Amino acid sequence: MKFISWNIDSLNAALTSSSARALLSKEVLNTIKEHNPDVIALQETKLPSSGPSKKHLEILKDMFPDYKIVWNSSVEPARKGYAGTMFLYKDNLEPVVSYPKIGSPSTMDYEGRIITLEFDDFFLTQVYTPNAGDGLNRLGERQIWDIKYAEYLESLDKEKYVIATGDFNVAHKEIDLAHPNSNRNSPGFTDEEREGFTNLLAKGFTDTFRYIHGNIKDVYTWWSQRAKSSKINNSGWRIDYWLVSNRIADKVTKSEMIDSGERQDHTPILLEIDL
């Protein structure tokens, strides 16, 4: 099976705007379509609480006519038009869809951050992990989230294989970002967040990119939009992952990034697995 995950950072803009960035986003969506994946996971959709509009769905159905669409949007008491996730899956597939709450702090359970698809032999779940925030003002809540999310994945793993993807908002090791020394206290590279990810893997999960590629350097999934030259200079971070239960790691045949061209921010990531 072939899966692709992408933090799109505003599906609404990608589908309805004519800005230069939106046009680049559309190109990335077309690239994803060309790969013909079984399932597409999208994070940071930023859709209204009611989900995609009729226009959004018409555009998506035109682009991806052979897919069913499910979504999880941010709802009150959380901010509207914030975070959010979406799955598109081939219409011959019939997963059971759930929108789990994991007992996370503040409004995190209402921000549309997780969707899980249950198949006969495995779970496929995606996450948009909360950012620790400017000045690390949300780091304490983020640490609780990491514990709760790890417990959630562990509970799934006790039932059947798990494939988990998304924007985990953490560069796990120094090799996972271009400038570790100058980012020690930056959101996404604090000791606390890195430890949270270590603890998640320790519950029985494999980082498939490292499993396939080993300690290859200078390969990232995100480049800051604030620095115009970040992608040109490959000053990036690897914060998007495909994880699998340890016992199916040897089933993974491909785990890699998909070239997003000139578009900065996140790039899509691909997993192929022989289940």
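Ile59 meets each of the listed conditions (1) touching a Leu at 6+ places or on another chain (Cβ under 7 Å); (2) under 23 Å from Tyr241 (Cα atoms); (3) of a type in the set (A, V, I, L, M, F, W, C) apart from (2). Filtered by the rule that a residue be buried (at least 23 other Cβ atoms within 10 Å of the Cβ) and either of a type in the set (Asp, Glu) or assigned to a strand (DSSP E or B) (or both), the stretch 237-250 gives Trp237, Asp240, Tyr241, Trp242, Leu243, Val244. The strands (runs of 3 or more DSSP E) falling completely within the stretch 62-119 that include 1 or more residues that are of a type in the set (Lys, Arg) and free of Cβ contacts under 8 Å to residues at least 40 places away in the same chain map to 67-72.
Scanning the stretch 35-61 for residues that are under 27 Å from Tyr110 (Cα atoms), acidic (Asp, Glu) and not in a helix (DSSP H, G or I) yields a single hit, Glu44. When we screen Ile4, Ile32 for residues that are in a helix (DSSP H, G or I), among the β-branched types (Val, Ile, Thr) and in contact with a strand residue (DSSP E or B) (Cβ under 6 Å, 6 or more places away or on another chain), the only hit is Ile32. Restricting attention to the stretch 133-151, and to residues there that are in contact with a Pro (Cβ under 7 Å, 6 or more places away or on another chain) and buried (at least 21 other Cβ atoms within 10 Å of the Cβ), which single residue is nearest to Tyr110 (Cα to Cα)? Only one residue tops the list, namely Trp145. Within the stretch 214-235, the residues that satisfy the criterion of being surrounded by 13 or more Cβ atoms within 10 Å (Cβ to Cβ) and either among the polar types (S, T, N, Q) or in contact with an Asp or Glu (Cβ under 8 Å, 6 or more places away or on another chain) (or both) are Tyr220, Thr221, Trp222, Trp223, Ser224, Gln225, Ser230, Lys231, Ser235.
If you filter the stretch 256-275 down to residues that are part of a strand (DSSP E or B) and within 14 Å of the chain's Cα centre (by Cα), you find that the one that is surrounded by the most Cβ atoms within 10 Å (Cβ to Cβ) is Leu271. Name every residue in the stretch 6-37 that is over 16 Å from Pro65 (Cβ atoms) and surrounded by 19 or more Cβ atoms within 10 Å (Cβ to Cβ), in order of residue number. Hits for the stretch 6-37 are Trp6, Asn7, Ile8, Asp9, Ser10, Leu11, Asn12, Ala14, Ser25, Val28. In this entry, Val162 passes the filter for residues that are part of a strand (DSSP E or B) and out of contact with any Pro (no Cβ under 6 Å at 6 or more places or on another chain).
Readers should treat all values here as calculations from the given coordinates under stated rules, not as data from a laboratory. From a predicted model like this one, the values you see are computed outputs, not experimental measurements. Methodologically, a virtual Cβ is constructed for each residue, glycine included, from the backbone with ideal geometry; neighbour enumeration extends over all protein chains shown.
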